[in-house]
Structures are given as C-alpha cells and as structure tokens.
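Values quoted throughout were computed directly from the atomic coordinates according to the rules given, and no laboratory measurement underlies them. Small disclaimer: the values here were computed from a predicted structure and weren't measured. No Cβ is skipped: glycine too gets one built from the backbone with ideal geometry, and neighbour counts run over all protein chains shown.
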Amino acid sequence: MNARVAFEVETLVPTEHGRFRFRGYRDLVTGAEHVAIIAGLLGQGTLVRVHSECLTGEAFLSLKCECGPQLDAALEMISRRGGVVIYMRGHEGRGIGLINKLKAYQLQESGLDTLDANLALGLPADDREYAAAVAILDDLGIRSVQLITNNPEKLQQVARGGITVERVPIVVGESPFNSGYLSTKHERMGHLSGAATAG
Ligand SMILES: [Zn+2]
C-alpha cells in the first residue's frame, strides 16, 4: 500500500507498436492521471522508461526536443523485450506546464538557452519529481529495473525510492533544431550522453 497513487483501471490497447496493457493511476498529490503501459510478463530487472508528458513533441512532432522519438523508441523496446513505460502527466516542459514552456521557447528565440529561459521566467530549471513513478513500480511489484534514460536526476530519484537501477542509454531524435537544447542538457544540466560507456 502507498498513499501516492491510486490504481483505477486496466485495459488492453492495440497500438502501432503492438498490444499493451494500460494501467491508469491517479496521483493523490497532484491529481494527475498517469498510465503504465505494459508489454509481456513483468519480473525483476525489467526494462522501464519513466517518460514525461510532452504535448509539443509527441502530438505535434516538434523538433525542439526529442520526446516523441524517445517515446516511440521506448514503446518499441518494451514491445520486443517486455517492460513498462510509465507515462507521467503534469510533466510538460520539465514540469512548468505548456504555456510556460511556450514562453520559454519565445525567450529562446532571443538567444537564451533552455535552462536560462526557465530561470528568466522565475521558474525552476526542472520541476519534475518521480515519486509517483516509484509508487507505480511498487504497485507492479517491481524492485529492480533497467531504466531507459540519460537523466541522472531521474536515476537518482528512482534509486532513492528504493528501486535497484541499472541505466540503459537512449539516443534518438537528434536534429539541427534541438542540438543546442541537447548540448545544454548535457553541459549544464548533467545529462549523460547516449553512449553506453557514459555509465
Ligand atoms: Zn519534449
């Protein structure tokens, strides 16, 4: 039992990546509706992607970030090997919301990078936290994961939640429009490179 999320529903959904079990959870702190997208039978050390909602990247295929291709790649990986994609609502724009993300994009048109744009708006560089994802893993009985990410903060938060974590790098979606964004995440926000040797 945990007080962070409430399981609400499970149903099968066919997708272009295959047929997945969708388990819907309500976040009891933020009110957000998260979904765990599951392929195959789950065990310890299963493949997991904790993915932050990104309307612009996923629905509109914006090239300013790599969220759409990352989500596609993660769904493809779990469809082949089994695993879970935990889709985190309320994480738009690293947690600052859609309108604030668009405001940050506007500031980037005048030369600020993705981090300074957030700070210029009086917002945190990254306002996401992953306790709900840990609670969902707990609900699924998963104590150890291979986490598909380049984000050290995500690795640390999941590990602090008591989950044993091994990283699986992800490299997709690089474009001329997001090379500055990706290098800022790498150089100023500590993101790991996609290479397996990056640890
Ligand atoms: Zn995005």
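Numbers below:
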{"item": "Centroid-to-centroid separation of segment 5-29 and segment 58-134 [C-alpha atoms, Å]", "result": "20 Å"}
{"item": "Coordinate range along principal axes, alpha carbons of the chain, Å, largest first", "result": "48, 36, 33"}
{"item": "Segment 70-155 pair-distance distribution - Cα-Cα, 10 Å bins, rounded %", "result": "15, 38, 30, 15, 2"}
{"item": "Residue order, fewest to most beta carbons within 10 Å, for Lys103, Lys154", "result": "Lys103, Lys154"}
{"item": "Whole-Hz couplings from phi, Karplus 6.51/-1.76/1.60, listed for segment 18-31; x for Gly and Pro", "result": "x, 9, 10, 7, 9, 10, x, 10, 9, 7, 6, 9, 9, x"}
{"item": "Pairs of Cα atoms farther than 22 Å apart, segment 1-94, %", "result": "29 percent"}
{"item": "Sorted by Cβ neighbour density within 10 Å, fewest at the top, the residues Ile86, Ile163", "result": "Ile163, Ile86"}
{"item": "Karplus 3J(HN,Hα) series, Hz, for segment 114-122 with 6.51 cos²θ - 1.76 cosθ + 1.60 (x for Gly, Pro)", "result": "4, 7, 5, 4, 4, 5, 5, 8, x"}
{"item": "For Met88, distant residues with modelled amide H under 5 Å away", "result": "His51, Ser52, Glu53"}
{"item": "Compactness of segment 106-190 - radius of gyration and Dmax, Cα, Å", "result": "15.5, 47"}
{"item": "Per-q log10 I(q)/I(0), segment 47-88, q = 0.13, 0.20, 0.26, 0.32 Å⁻¹ (Debye; single scatterer per alpha-carbon; no solvent)", "result": "-0.25, -0.56, -0.84, -1.06"}
{"item": "For Arg143, Arg49, Arg21, order by how many other beta-carbon atoms lie within 10 Å, fewest first", "result": "Arg143, Arg21, Arg49"}
